[in-house]
Amino acid sequence: MRTAEIRKRWLDYFEANGHAVVPSASLISPDPSTLFTIAGMVPFIPYMTAQQTPPWDRATSVQKCVRTLDIDEVGKTTRHGTFFQMNGNFSFGDYFKEGAITYAWDLVTGSRAEGKYGFDPETVWVTVYHEDHEARELWKRIAGLPDERIQSRGKKDNYWSTGQPGPAGPCSEIYIDRGPEFGREGGPVVDEDRYLEIWNLVFMQYAIDEVKSKEEFRIVGELQRKNIDTGMGLERVAYLLQGKDNLYEIDEVFPVIAAAAELSGKTYGANHDDDVRMRVVADHVRSALMIIGDGVRPSNEGRGYVLRRLLRRSVRSMRLLGVDEPSLPSLLPVSRDAMSPSYPELATGFDRISEVAYGEEDAFRRTLVSGTTILDTAVRRLKDSAPAGQVPVLGGDQAFQLHDTYGFPIDLTLEMAAEQGVQVDENAFRRLMSEQRSRAREDALAKRRGGADLAAYETIDKELDKPVEFLGYTDTTAEVGIVGLLVDGVPAPAATAPADVEVVLDRTPSTPRPAASSQTTARSCSTAAPPSRSTTSSDPSRACRCTADASSREPSRSATGGRAPSTSPGARRSARRTAPRT
């Protein structure tokens, strides 16, 4: 059963049972404390915590998720992946434990001919919170499970909360026994490789406070409005139903491994190190495809840096497999074809996605050639001179030079040095980076105080009919008009490449910041003055020397991210920018 079919069956089943089908939210997390959407229930947290009233009593979704905390483990084991999909069904004060268990058992073990998954009921095990006697009895009554296949666990494994005062409750997890060839008998409490978890049912029934840890909190009482939050790992179900051993071999991932093997002339399964590299490529190419598809661009900060790292690890892994020519033009379309049955927007938006990915590969290949030569030379000298039995250490100043002069990222230096048995003085590197940032801030401040010629900005400011409207408190996307241009620092009616252009907009959802210098080729400027809601600035130094950092913010479509194409004031277009957080 193909992954897209498993996804479709999930949505069709719950829609037929009265659930509203909610499209996947963006991978860009709405929670300012996280870069990406990391769980299927994240878009529903405001309803679970009663911050907002849900527009439905019951809902279902298949949510795109990215987690990169264990990115270094990707490929080394077959359990780790950065992009995954979470099937979820949710009840907001509607059905509770009995309904959730009934739906789960029916969908997991029901006939495939009737649109269900058709797992053998004899392979199903479950766990329950050790004090949740109600859930145990429901599993026995609804599913007919014997006591020995209903195992009890404590708060560490079978209790959910947000980690803060609010709703919480016990959970029940569903496992599939893969057979004795995968491990020991005894159920999930003995071996979670043989007994693979596929679905977690969370019963939010209590209010808690005095939260000290996952296991230490006080139950205040039962919630008036009890909720259900469940999550099924789509990739896990896919490799079980496709008869595969792990997520890398399913239909949405393995085609990239096959393409990498063909490009490199290697055989998957013949050599452990090569297998790790091909798994890294397959995972990272898919994740990058999905992340770029949701509007993220490579940069040196935040989500953009995660994306950059994924792409660069893919490129380097291909080079280690012996592929020197650009590889993403061969691999990214394969991932697109595998994923587009579930996400057709990947096909329609592929020109934009591929332009971003291929540009990053081209830039990194130049960096990789020069940086690798320098690093390998330094490592060889260290190993030759190190006393016997002592681990060589690459100095923080050398790592900093690789980063500052050659654009070689520290994570790559750490990874490549470790592969050769060399440590890196990371603390010294971080200290030098901090000193460099301090110098840059001081230099920028000195330039702003140095009597810059503001006459051009005063001219633009006087010509504006009204101050630029700041929309960031309510909008993240806006139709904007270009009301002024400065070409090489001089007001102009139009701009033609090549030129250094500053673009003044009539309204903006992005946060202007004082520009430290004129290094950005094209900048968007505004007279909006966040964070105050009650004022707008007409000060020309603030009005027209305000810029969104091009390295960490998605460029406005009204301001180009390189040399400017021909453009003129009055042109109106969509500007997708990130609103400021207040």
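The values are calculated or read from the model by the stated rules, or taken from the named source; none is laboratory data. Note that the coordinates shown come from a computational prediction; the quantities given were computed from them, not determined experimentally. For neighbour counting, all protein chains shown are included, and Cβ atoms are generated from backbone atoms with ideal geometry for every residue, glycine included. Side chains included, ligands, DNA and RNA excluded: accessible areas come from the protein's heavy atoms. Shrake-Rupley method; radii C 1.70, N 1.55, O 1.52, S 1.80 Å.
For the reader, a short list of remarks on this structure follows.
- For the range 188-208, filtered to residues that are farther than 16 Å from Leu223 by Cβ, in contact with a helix residue (DSSP H, G or I) (Cβ under 7 Å, 6 or more places away or on another chain) and of a type outside the set (A, V, I, L, M), the residue that is surrounded by the most Cβ atoms within 10 Å (Cβ to Cβ) is Trp199.
- Within the range 244-252, not a single residue is open to solvent by 60 Å² or more (accessible area, probe 1.4 Å) and in contact with a strand residue (DSSP E or B) (Cβ under 8 Å, 6 or more places away or on another chain).
- Residues being under 26 Å from the mean Cα position of the chain (by Cα) and not in a loop (DSSP other than H, G, I, E, B) - total across the range 179-232: 12
- Restricting Ile174, Ile228, Ile250, Ile219 to those that are among the hydrophobic types (A, V, I, L, M, F, W, C) and more than 30 Å from Met48 (Cα to Cα) reduces the list to Ile250.
- Residue in the range 245-265 that is of a type in the set (Ser, Thr, Tyr) and in a helix (DSSP H, G or I) present: yes
- Test result for Val306, assigned to a helix (DSSP H, G or I), at pLDDT 95 or above and of a type outside the set (Ser, Thr, Tyr): no
- Check on Val296, assigned to a helix (DSSP H, G or I), touching a Gly at 6+ places or on another chain (Cβ under 9 Å), of a type in the set (A, V, I, L, M) and open to solvent by less than 20 Å² (accessible area, probe 1.4 Å): no
- The lone exception for Glu325 - which of (1) open to solvent by 30 Å² or more (accessible area, probe 1.4 Å); (2) part of a helix (DSSP H, G or I) it fails: (2)
- Pairs linking a residue in the range 31-46 that is closer than 25 Å to Phe92 by Cα and without any contact (Cβ under 8 Å) to a residue 24 or more places away in the chain to a residue that is open to solvent by 20 Å² or more (accessible area, probe 1.4 Å) and in a loop (DSSP other than H, G, I, E, B), with Cβ atoms under 6 Å and 6 or more positions apart or on different chains, are Pro43/Ala25; Pro46/Gln52.
- Every pair of residues 6+ apart whose Cβ atoms lie under 9 Å, when the first sits in the range 307-322 and is buried (at least 24 other Cβ atoms within 10 Å of the Cβ) while the second is charged (D, E, K, R) and not in a helix (DSSP H, G or I): Leu307/Arg297; Met318/Asp324
- Residue match in the range 273-289 (condition: among the acidic types (Asp, Glu) and surrounded by 22 or more Cβ atoms within 10 Å (Cβ to Cβ)): yes
- Cβ pairs under 6 Å, 6+ apart, first in the range 340-355 and touching a residue at least 40 places away in the same chain (Cβ under 8 Å), second among the small types (Gly, Ala, Ser): Pro341/Ala4; Ser342/Ala4; Leu346/Gly293; Leu346/Ser340; Ile353/Gly293
To keep it simple, each residue is scored yes or no on (1) among the aliphatic types (A, V, I, L, M); (2) within 29 Å of the chain's Cα centre (by Cα).
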position	(1), (2)
Ile71	yes, yes
Gln85	no, yes
Asp106	no, no
Thr109	no, no
Ala113	yes, no
Asp132	no, no
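- Matching residues in the range 1-30 - criterion: being closer than 24 Å to Gly93 by Cβ and in a helix (DSSP H, G or I): Trp10, Leu11, Tyr13, Phe14, Glu15, Ala16
Let's see how each residue does on (1) modelled with pLDDT under 85; (2) open to solvent by 70 Å² or more (accessible area, probe 1.4 Å); (3) not in a helix (DSSP H, G or I):
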{"residue": "Arg366", "(1), (2), (3)": "yes, yes, no"}
{"residue": "Gly371", "(1), (2), (3)": "yes, no, no"}
{"residue": "Ala399", "(1), (2), (3)": "no, no, no"}
{"residue": "Leu414", "(1), (2), (3)": "no, no, no"}
{"residue": "Phe429", "(1), (2), (3)": "no, no, no"}
{"residue": "Glu435", "(1), (2), (3)": "no, yes, no"}
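- Among the residues of the range 147-181, those that are modelled with pLDDT of 95 or more and either within 12 Å of Phe217 (Cα to Cα) or β-branched (Val, Ile, Thr) (or both) comprise Ile150, Ile174, Ile176.
- The test for being over 28 Å from Lys8 (Cβ atoms) and not hydroxyl-bearing (Ser, Thr, Tyr) does not hold for Pro121.
- Some residue of the range 183-202 being in contact (Cβ under 8 Å) with a residue 40 or more places away in the chain and of a type in the set (D, E, K, R): no
- Glu173 falls short of the stated requirement of being open to solvent by 30 Å² or more (accessible area, probe 1.4 Å) and either without any contact (Cβ under 8 Å) to a residue 12 or more places away in the chain or not polar (S, T, N, Q) (or both).
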